[in-house]
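Reading through the structure tokens given below for one structure.
Each value in this text was obtained by applying a stated rule to the coordinates, not by laboratory testing. Here the structure is a predicted model, which means the values were calculated and not measured. Cβ placement follows ideal geometry from the backbone for every residue including glycine, while neighbour counts extend to all protein chains displayed.
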Amino acid sequence: MFFRFAVLCLGILAVNGQTIKWWSTATLYQVYPRSLKDTNGDGVGDIKGITESIPHFIQSGIDCVWLSPIYKSPMKDFGYDISDYLSIDPIFGTWEDFLELSNALKAAGLKLVMDFVPNHTSDEHDWFIRSVNREDPYTNYYIWKDSLGLDANGTQIPPNNWLSAFAGSAWQWNDQRQQFYLHQFTVGQPDLDFRNPLVLQEMKNILRYWLDNGVDGFRIDAPPHIIEQIDFLDEPLTNDPSCPENQFCQLNHIYTMNQPETLDILREFRQVIDQYQSETGRVIVLMSEPSNLHNFTMSYYGTEQDPIMDFPFNFNLIYDLPAETFAIDIKAALDKWLLDMPTGKVANWVTGNHDLPRTRSRFGIDDGEFALSLYMIRMLLPGVSVTYYGEEINMENTFVSWQETRDPQGCNAGPDLYQKYSRDPARTPFQWNSQNLAGFTTGSTSWLPVNPNYVNLNLEDQMSSIRTEFTFYQRLAEARKSNTIRFGSLEYKSINNDVFAFTREIQADDKYLVIVNPNDIEVRVNVRAAFPQLPEIGLVYLSTLGLTTTANDPIILSDVILDARGGLVVNF
Ligand code: GLC
């Protein structure tokens, strides 16, 4: 089959008459703005730092930058508590800095996706302040409930047993209004009431505002929490003995999460995007965090006739791969997405983000090798690939002491448990070079500690040698741009339960074979028997860094020897 390409209009490509949108084969790069680059020396990353990082984005071969929130915020949840959705927080810079970034990204041919946080505002948002005062139309913008009375200590009793995702009651008493408000995250993040049509309208206007200011898409935050069941009944206990007191895992969240109305709200957001696309011809991407329930996540996609999200994030390569992962687990993680995804939709692959331990720190022995193997898988499968900043140099979790802990989820867990809950270890500064504080800041401190391994693990060093994590990442990004990886067919297998392998093929173009050994020991397999359509001999395109086999070495497929946790990409 011969593939013909034609650029139709802004961001749409036609392949054999089928339209392909820019995002459907893109590499997205998630920036956690506080931690990429600090240009004003206050120890916190900023927008100018992101702009200065554009040459790095280009060298990394990414297509699109997704920014965690940069809006005005008291930073109780580091930007996920927004006090003004239409302006930039001074810690990150000015509106001019934002425009400069947006223009510079455009000039570099890169897209820009913003985080969109509809579930809650900051308690310092003007709407909340007015709501506390019962000022219309804001009186019912949030979920307010009466107290159930006073307990023996004279403390107000909350309306039900609902818990915050960050531990403790999800209800906060407000003395002024003499009512409780719901906050599913920190006390400083009151939940909006999405049953109020004015709230929905406000949020749609915000989307429109940023579209008018040139952004290319949104990542919707926390959709499972967006609407609650109207009876406000107690949630059932999980009776999970491993769940600490007061933690979110105590309850089965059948009334606060995944309510059927969620999809109607997401559809309303879709409508804004569709209208904007048809008015301007620009192609916008709408993606979201997944639900904790797989089937509900799949419903976020909608259908071909009733599309909702372009894609909800696929965390299967995170949640479905245990510390001791076998080839069959990887296959099952792929099956679960690819077989359940609605017809005509685009897949996506994520291995890490700002809420979870870094990829290379999730799997027992940390030699970095298995993380690289996973990046191979993530980058060479069909669909969207999401890189969390630092993965391109294979950064690992950083130890953050209790005194240094900033994440509210860590702080709320207390000194004994914070290490289990804190998200700080995956949010530490990007390691640019081996200078003081890893070249992250022009100042003398950083908001979270820099990983002491920066002396040996940093971008500059990795750029100056031939076979490093960064050059490995560049090779993957390069392969992603080939027609085979963008449009080729996929066949994947767990061979003898020892190695996970897949092929990407398009007739008349190069073929790729990816082989990964998740075991702690070397394995020897006949890959040819599993993929008889492939030639007996191929050439190595890329290998994980622990392997002695390197690019252009011949590989005999009927007898492949692969070191523990290593991965190979073979080219034909
Ligand atoms: C999402 C974000 C997380 C944030 C929470 C509340 O899960 O990814 O960082 O704390 O929502 O906004």
Cα-based helix-to-principal-axis angle, 95-107 vs the chain, degrees rounded to 10: 20 degrees
Sequence ranges 182-191, 512-521, 211-220, 486-495, ranked by mean other-Cβ count within 10 angstrom, highest first: 182-191, 512-521, 211-220, 486-495
5 angstrom amide H check on Trp66, placed H, neighbours 5+ away: Tyr29, Gln30, Val31, Val113
The range 108-190 shape via C-alpha gyration tensor axes, a/c threshold 1.5: oblate
Dipole magnitude of the range 486-571 about its Cα centre (Cβ charges: Lys, Arg +1; Asp, Glu -1), debye to nearest 20: 180 debye
Peptide ranges 545-558, 465-478, 430-443 listed from the most packed, as the mean C-beta count within 10 angstrom indicates: 430-443, 465-478, 545-558
Set Lys336/Lys493; Lys48/Lys72; Lys481/Lys511; Lys76/Lys420; Lys48/Lys106; Lys37/Lys420 screened for pairs whose C-alpha atoms are more than 18 Å apart: Lys76/Lys420; Lys37/Lys420
Dipole magnitude (debye, nearest 20) for the chain, charges at Cβ of Lys, Arg, Asp, Glu: 1420 debye
Theoretical ellipticity at 222 nm over the chain - DSSP helices of four or more residues, -39500 (n - 2.57) apiece, nearest 500: -7500 deg cm²/dmol
Net lengthening on full extension, His294/Asn456 (0.36 nm per residue, minus Cα-Cα): 54.4 nm
Ranked packing of 152-164, 311-323, most packed first, by mean Cβ within 10 Å: 311-323, 152-164
Alpha-carbon centroid distance for the pair the range 525-543 / the range 30-105, whole angstrom: 44 Å
